[in-house]
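Okay, structure first, notes after.
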Number of protein chains: 2
Amino acid sequence: MTESMEIFEQYPGGIFPAGCTSRVLLDHVTSKWGVLVLVSLTDGPQRWSDLRRRAQGISEKMLAQTLKTLEGDGLVNREQQPVMPPRVDYSLTPLGEELAAVLVPLLQWVGRNADQIIGV
Amino acid sequence: MTESMEIFEQYPGGIFPAGCTSRVLLDHVTSKWGVLVLVSLTDGPQRWSDLRRRAQGISEKMLAQTLKTLEGDGLVNREQQPVMPPRVDYSLTPLGEELAAVLVPLLQWVGRNADQIIGV
DNA sequence: CGGAATCCGATCTGATACTG
DNA sequence: CAGTATCAGATCGGATTCCG
């Protein structure tokens, strides 16, 4: 608890001012499906239907919305081939890879500890 | 991208089955306010009013709800002293400390990159 | 296949008021 | 100080339908 507390040094009064860009980005990447989509993509470029399978339970609406948000943030790349039937590949940008690298440990921790925690 | 991909090894078809305990816990800890409360508490035990200041913009309703959820998950401890006026201290449990340790790098990454990302 | 559009209920938020 | 209760409005999220 002694190191890497730059968050408190930067903002002594609180963690990120309310409404600042950090808050917005944090909400995007910690959104219900944002985490799962980003981590899915660490496995390499994937298509719409791949992502629907990886992020089990996501609706088409939320997949579309999540991908647009992440693309708008420069975290995800969208590549469309002009063929019929259409083929679209999603992948992480370099920035997205960086982010996913800090997200994976979170997912792993959750996976290890979920059973011991829920319904204490 | 080659190491620590146990998430995909565990669940080849997707990341956590929909509705499993891992998903529930993930939703709790990545909730809009859960992240901020947990990271606030890495700075040591804090009182209700401290947390309201740290997690700028949180309403009393959401602070109460977030704390109850995290307490129910065994991530946060609530200690009430029977004095008047009442004094209540919130702190991380050992499990909560573990979790916060993987959350802090995420917050730091967001803090470093938010300005370059939003509104591309 | 890869979406967009629409509707609808659940959830979140803010404001206000009240309590021990 | 540390909450609880309640209500209205905004937003989120899911299910369904439709389209190139």
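The values are calculated or read from the model by the stated rules, or taken from the named source; none is laboratory data. Here the structure is a predicted model, which means the values were calculated and not measured. As a convention, Cβ positions derive from the backbone with ideal geometry for all residues, glycine included, and neighbour counts pool all protein chains shown. These accessible areas exclude ligands, DNA and RNA; they are computed on the full protein's heavy atoms, side chains included. Shrake-Rupley method; radii C 1.70, N 1.55, O 1.52, S 1.80 Å.
The phi torsions of the stretch A:20-25, fed into the Karplus equation with coefficients 6.51, -1.76 and 1.60 and a -60° offset, translate into couplings of 6, 4, 5, 5, 4, 4 Hz, rounded to whole numbers, with Gly and Pro shown as x. Summing both sides, the accessible surface hidden between B and A at a 1.4 Å probe radius is close to 5300 Å². Per atom type, the stretch B:11-120 shows carbon and sulfur on 53% of its accessible surface, probed at 1.4 Å. What shape does the stretch A:57-99 take by its C-alpha gyration tensor, where a ≥ b ≥ c are the square roots of the eigenvalues and a/c under 1.5 counts as rounded, a/b above b/c as prolate, and the rest as oblate? Taking the square roots of the gyration eigenvalues as a ≥ b ≥ c, the stretch A:57-99 is oblate. By the gyration tensor of its Cα atoms, with a ≥ b ≥ c the square roots of the eigenvalues, what is the shape of the stretch A:13-120: rounded for a/c under 1.5, prolate for a/b over b/c, or oblate? The shape class here is oblate. Just list whichever of A:61/B:32; A:68/B:61; A:32/B:68 have alpha carbons separated by over 28 Å in the model shown. As for pairs spanning more than 28 Å Cα to Cα, those are A:68/B:61.
Rolling a 1.4 Å probe over the protein heavy atoms gives the protein assembly as shown an accessible area of 49 Å² per residue. Between copies, the label points of residue B:89, set 7 Å from Cα on the Cα→Cβ line, lie 5.6 nm apart, reported in increasing order to one decimal in nanometres. GNM, chain A, Cα, under 10 Å: largest mean-square fluctuation among A:13, A:44, A:96? Highest fluctuation of the listed residues: A:13.
With the label put 7 angstrom out from Cα along the Cα-to-Cβ vector, residue B:8 ends up 3.8 nm from the copy partners, going from closest to farthest. Shown for the stretch A:75-105: residues covered by the partner protein chains by 50 Å² or more of accessible area relative to the chain by itself (probe radius 1.4 Å), namely A:95, A:102. In a reduced charge model with +1 at each Lys and Arg Cβ and -1 at each Asp and Glu Cβ, the protein assembly as shown shows a dipole moment near 900 debye about its Cα centre. Computed from point charges on the beta carbon alone (+1 for Lys and Arg, -1 for Asp and Glu), the dipole magnitude for the stretch B:1-91 about its Cα centre is near 560 Debye. Using R0 = 41 Å, the C-beta based FRET efficiency linking residue B:101 and residue A:83 works out to 0.30.
The rule of thumb for compact globular proteins, 2.2 N^0.38 Å, goes into the C-alpha radius of gyration of the protein assembly as shown 1.05 times. Here the label points at residue B:71 and residue A:8, each 7 Å from Cα along the C-beta direction, are separated by 2.2 nm in the simple model. The stretch B:5-74 to the stretch A:22-70: how many Å between their Cα centroids? One Cα centre to the other: 19 Å.
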